[in-house]
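Here is the structure we will look at.
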Amino acid sequence: MHFSWRGQNPDGRRIRRYQLAASVGFLMSASVAISYGIDLLSETPQSEFVIRSISARSVAVKGDGTDAPSVPLYRTQLLDNGGQPSVHAATLVNLPGGDIGAFWFGGSREGGMDVEIWFARYDQQTGKFSPARSVMSRQLLAEQLGRYIKKLGNPAAILDENGRVWLFFVSVSVGGWATSSINFITSDDGGKTWSSARRLVTSPFFNVSTLVRNPPVLLTDGGFALPVYHELAGKFAEILLVAPNGEIRNKTRVTWGRDALQPSLAAISESRGAVFMRYAGDPPMHMQFSSTRDAGRHFSRPRPLELPNADNSVAAAALPEANGFWIVYNSSETGRSALSIAVADRDVSMIVPIHDLESADSGEFSYPAITTDIHGHHHVAWTDNRQSIKHLVFDDNWLTQALDASWVILSP
Amino acid sequence: MNFSDLMWILTLFPLGYSLGGNVRAGRVGQLIAACLLPAAALLVPINGINIVGYLASILYEPSFALVLTCVCVAFRSRLSPLFDEFTAALLRLRVIIFLSGVSLYPMALGLGYFDPYALFYRPQTAFVVALIACGMWMGKRHLLIAVWLTCSLVAHRFDLGESDNLFDYLLDPIAFAVASISICCRLIRAWRFRNAAC
């Protein structure tokens with residue numbers, strides 16, 4: 001084997017130069033291999049889900065030292081929509097200090113170029129939301145990323161262990177929702193100011209078609225498991241494992257094919273979690289479900305639940321103290337005119353509707369979002385006829401009554 | 001200037017050089033075209049965003065496969081002395097790009113439960129790719145592939161690009177499309193040549 005330079009006459013000096021270049025290349029590759037090898041040796045075990053045991057029942061019992069039942073809390077209100085004709089896809093997050101933040105997108109219409117991400121703060125003292133204000137617009141995102149942005153979409157937020165609020169949201173540069181990508185911004189002051197946006201690269205094919213709808217679950221290493229979905233070639237759910245610095249560490253596929261999207265991930269223990277998904281396949285239309293026993297590394301084969309789902313978004317969260325889940329979903333088999341709460345046991349082998357939030361012949365009540373605050377109060381927000389975001393707060397007393405009325409016993 | 005801008009410049013420079021050659025502008029004209037194209041893409045704003053920004057809206061940054069393909073095609077005559085058989089080296093790279101794309105893209109887009117793209121987030125995969133790169137440098141016939149793997153690994157190791165996935169440094173859909181078209185054209189030419197010979 002020899003190398004020729006300028007035709008067939010080997011030139012020793014040039015060959016030596018080539019050999020020198022090849023040696024440098026080899027050393028670079030070897031250095032990279034060694035550095036990755038060190039990474040592998042020092043790799044920490046995969047993190048697990050963080051379980052925030054709100055233990056609302058214990059709070060209620062410990063509260064005043066008496067067994068006298070307090071008045072159940074169940075209160076609804078409409079949020080200020082910022083003067084926008086169309087609002088949709090709310091998400092809720094616990095803010096530092098105990099307040100609740102609500103984010104949604106609003107503009108002249110869904111997919112419009114004037115759509116912005118809006119934010120309002122729920123004050124625990126007054127029980128009222130602040131006026132809505134915009135935290136992200138198409139123009140601002142384009143300026144921060146240096147890219148063309150056509151429209152904005154679904155937000156999803158989480159509060160990390162350091163008190164930082166992360167807001168993930170969808171943006172589109174070309175085409176429709178199926179060509180979306182995910183961006184995020186962070187706030188260290190509870191939503192007053194926000195960092196510059198960063199885009200996540202989640203797909204090898206022009207980074208298109210990864211969307212977010214429901215909030216992530218915290219991991220023990222400070223990162224989070226972000227449920228996302230794909231809807232270009234197929235419709236399937238995935239979990240992104242995001243590091244505390246916003247880098248993607250891994251991606252796990254929950255489903256595949258053309259049926260399930262908008263996963264809602266709920267962790268019931270450090271290793272066990274459940275994913276409830278919107279169904280977009282052929283009838284019969286039922287909510288899809290999958291579970292993990294290793295903190296999101298692997299998921300069970302998806303299966304339909306008894307709950308109906310006519311291509312509608314769902315929201316689910318764990319009730320750790322009750323060893324189960326609560327789910328808000330569209331209970332109509334044909335549309336979005338009815339919205340209900342259901343509870344399920346740990347294995348989701350038993351799932352029971354316990355309350356109708358909305359029940360009308362027409363109209364749209366959709367895209368629910370749920371969270372539980374530090375006082376153990378449960379919050380639900382949903383789209384009310386695309387004109388406003390509606391909020392409900394209820395406590396464990398009300399939940400217990402609703403469970404009793406439905407003859408449901410969730411064993412801790 | 002960030003890494004994305006740099007990669008777009010490295011892609012557009014050889015493209016400009018090739019375009020200059022097509023209009024027979026001479027060596028100086030070729031170099032002017034090579035400089036003008038990335039400069040215009042970087043400096044001319046449209047609605048406040050430069051052309052690179054629009055390109056990056058579609059493809060966040062070109063992979064090293066695309067950059068190397070463009071460089072090799074544009075500077076073929078200048079690079080050929082580096083390789084025993086330049087055409088064979090470029091063909092090998094294209095075949096690898098094509099086979100990687102054909103096997104990985106459908107699965108990454110949802111064909112089946114297994115997602116090969118996810119593997120490239122993990123250091124284990126990067127470690128294996130780095131070992132392969134070492135082997136390529138030792139086997140001297142694979143210089144082009146060794147350069148491709150090493151550049152991608154270094155850029156990924158130092159988090160230079162937007163992506164956290166090694167796959168995005170190695171390969172992109174445009175490089176895959178270019179490699180696919182090139183291989184198809186070559187196969188058609190070979191088929192025609194064989195038929196003509198018969």
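The values are calculated or read from the model by the stated rules, or taken from the named source; none is laboratory data. Quantities reported herein were computed from a predicted structural model and do not represent experimental measurements. Glycine also receives a Cβ, built like all others from the backbone with ideal geometry; neighbour counts cover every protein chain displayed. Please note that ligands, DNA and RNA were not included when accessible areas were found on the heavy atoms of the full protein model with its side chains. Shrake-Rupley method; radii C 1.70, N 1.55, O 1.52, S 1.80 Å.
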Among the numbered conditions (1) more than 8 Å from chain B (Cβ to nearest Cβ); (2) aliphatic (A, V, I, L, M); (3) farther than 28 Å from residue A:333 by Cα; (4) open to solvent by less than 10 Å² (accessible area, probe 1.4 Å), tell me where residue A:277 comes up short. (3)
Would you check if there is a residue in segment A:269-282 being of a type in the set (A, V, I, L, M) and touching a helix residue (DSSP H, G or I) at 6+ places or on another chain (Cβ under 7 Å)? no
Any residue that is surrounded by fewer than 18 Cβ atoms within 10 Å (Cβ to Cβ) and either without any contact (Cβ under 8 Å) to a residue 40 or more places away in the chain or more than 9 Å from chain A (Cβ to nearest Cβ) (or both) - is there at least one of those in segment B:163-171? no
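This table checks each residue for (1) surrounded by fewer than 19 Cβ atoms within 10 Å (Cβ to Cβ); (2) at pLDDT 90 or above.
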{"position": "A:244", "(1), (2)": "yes, yes"}
{"position": "A:248", "(1), (2)": "no, yes"}
{"position": "A:257", "(1), (2)": "yes, no"}
{"position": "A:262", "(1), (2)": "no, yes"}
{"position": "A:286", "(1), (2)": "yes, yes"}
In segment A:302-352, the residues that are modelled with pLDDT under 90, open to solvent by less than 10 Å² (accessible area, probe 1.4 Å) and in contact with a Pro (Cβ under 9 Å, 6 or more places away or on another chain): A:322
Within segment B:11-41, the residues that are hydrophobic (A, V, I, L, M, F, W, C), surrounded by 18 or more Cβ atoms within 10 Å (Cβ to Cβ) and closer than 18 Å to residue A:146 by Cβ are B:12, B:41
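Specify which of the listed residues (B:99, B:91) is modelled with pLDDT of 95 or more, open to solvent by 10 Å² or more (accessible area, probe 1.4 Å) and assigned to a helix (DSSP H, G or I).
Details: B:91 fails: modelled with pLDDT of 95 or more.
Of B:99, B:91, the one residue that is modelled with pLDDT of 95 or more, open to solvent by 10 Å² or more (accessible area, probe 1.4 Å) and assigned to a helix (DSSP H, G or I) is B:99.
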Among B:177, B:155, B:197, the single one that is over 19 Å from residue B:92 (Cα atoms), surrounded by fewer than 18 Cβ atoms within 10 Å (Cβ to Cβ) and more than 8 Å from chain A (Cβ to nearest Cβ) is B:197
Restricting attention to segment A:184-199, does a residue exist that is in contact (Cβ under 8 Å) with a residue 40 or more places away in the chain and within 11 Å of chain B (Cβ to nearest Cβ)? yes
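Here's a check for you: in segment B:120-136, which residue that is in contact (Cβ under 8 Å) with a residue 12 or more places away in the chain and over 19 Å from the mean Cα position of the chain (by Cα) is farthest from the other protein chains (Cβ to nearest Cβ)? Let's see the steps before the verdict.
From segment B:120-136, those in contact (Cβ under 8 Å) with a residue 12 or more places away in the chain are B:120-121, B:125-126, B:129-130, B:132-133, B:136; that's our starting set.
Pick out the ones that are also over 19 Å from the mean Cα position of the chain (by Cα) and you get B:121, B:125.
On the way: B:121: 5, B:125: 9 Å.
Among them, the one singled out is B:125.
Yes/no per residue for (1) buried (at least 20 other Cβ atoms within 10 Å of the Cβ); (2) of a type in the set (Gly, Ala, Ser); (3) assigned to a loop (DSSP other than H, G, I, E, B):
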{"position": "A:193", "(1), (2), (3)": "no, no, yes"}
{"position": "A:202", "(1), (2), (3)": "yes, no, yes"}
{"position": "A:209", "(1), (2), (3)": "yes, yes, yes"}
{"position": "A:214", "(1), (2), (3)": "yes, no, yes"}
{"position": "A:222", "(1), (2), (3)": "no, yes, yes"}
{"position": "A:226", "(1), (2), (3)": "yes, no, no"}
{"position": "A:236", "(1), (2), (3)": "yes, no, no"}
Quick check on my filter: what residues within segment B:88-101 are more than 13 Å from chain A (Cβ to nearest Cβ) and touching a residue at least 12 places away in the same chain (Cβ under 8 Å)? B:90, B:91, B:92, B:93, B:94, B:95, B:96, B:98
Out of the residues in segment A:111-128 that are at pLDDT below 95 and touching a Gly at 6+ places or on another chain (Cβ under 9 Å), state the one that is nearest to residue A:160 (Cα to Cα). A:124
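Go through B:192, B:186, B:141, B:122 for me and flag whichever is closer than 22 Å to residue A:246 by Cα, at pLDDT below 95 and open to solvent by 30 Å² or more (accessible area, probe 1.4 Å).
It is B:122.
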Taking residue A:389, is it under 27 Å from residue A:125 (Cα atoms), buried (at least 19 other Cβ atoms within 10 Å of the Cβ) and among the aliphatic types (A, V, I, L, M)? yes
Could you please find all residues in segment A:242-277 being touching a residue at least 60 places away in the same chain (Cβ under 8 Å) and more than 24 Å from residue A:326 (Cβ to Cβ)? A:244, A:246
So, in segment A:129-147, exactly how many residues are modelled with pLDDT of 95 or more and part of a loop (DSSP other than H, G, I, E, B)? 3
All but one of (1) polar (S, T, N, Q); (2) free of Cβ contacts under 8 Å to residues at least 12 places away in the same chain; (3) closer than 24 Å to residue A:399 by Cα hold for residue A:300; state the number of the condition that does not hold. (3)
Considering only segment B:126-198, give the helices (runs of 4 or more DSSP H) lying wholly within it that have at least 1 residues that are over 30 Å from residue A:208 (Cα atoms). B:143-157, B:173-197
Quick check on this structure: which one of B:117, B:54, B:105 is open to solvent by 30 Å² or more (accessible area, probe 1.4 Å), facing another protein chain (nearest Cβ under 9 Å), of a type in the set (Phe, Trp, Tyr) and over 18 Å from residue A:29 (Cβ atoms)? B:54
